[in-house]
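Asker: Got a structure here, written out as structure tokens. Questions coming.
We did not get these values from a lab; they are worked out from the coordinates using the rules stated. All figures in this text were calculated on a predicted structure; none of them were measured in a lab. Here the Cβ is made from the backbone with ideal geometry for all residues, glycine too, and neighbour counts use every protein chain on show.
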Amino acid sequence: MPLSEQEQRLLDEMERHLMRNDADVVSAPRDGRTLSYRNIVYGTVLVLLGLGGLIVGVAAPLIVVGVIGFVVMLGGVILAVTPTRGLGKIPTAEPDRPAKAKTNTSFMDRMNDRWDKRQGDH
């Protein structure tokens, strides 16, 4: 069953609001911690070397080599996913906006108020 025109407009408005909020979340600094591509590359190389050591350790009766390979793999994964400290604020394309005033009303309450205002205009 298709949406009515009013429902479609409300849905479009909610989608725009969510997209705007998601953009705010994405551009917000995350405590100055970011993933480093260098660490991801080094971690991936360590995982591959550790996997090779693990395969050699299992194929040959050298359990110590397999254990060392596993530890190297684990270290590579930890290195790849550990965020590094940034040097400051992450530069954004948008100029700094003043912080929005926090209100006690929920998103749905504001949407209902807008809906009521629009219906009162007709």
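Asker: What's the long-distance tail for the range 44-84, i.e. % of Cα pairs beyond 11 Å?
Answerer: Looking at the range 44-84, the distances longer than 11 Å represent 53 percent of pairs.
Asker: Still on this structure, please answer the following. Show me the ranking of peptides 70-81, 52-63, 107-118 by mean Cβ neighbours inside 10 Å, starting with the highest.
Answerer: Most protected by this proxy first, the peptides run 70-81, 52-63, 107-118.
Asker: Still on this model: If you stretched the chain out fully between residue 111 and residue 58, how much longer would it get, using 0.36 nm times the residue separation minus the C-alpha to C-alpha distance?
Answerer: 12.9 nm
Asker: If you take the beta carbon distance between residue 15 and residue 36 as r and set R0 to 22 Å, what does 1/(1 + (r/R0)^6) give as a FRET efficiency, to the nearest 0.05?
Answerer: 0.05
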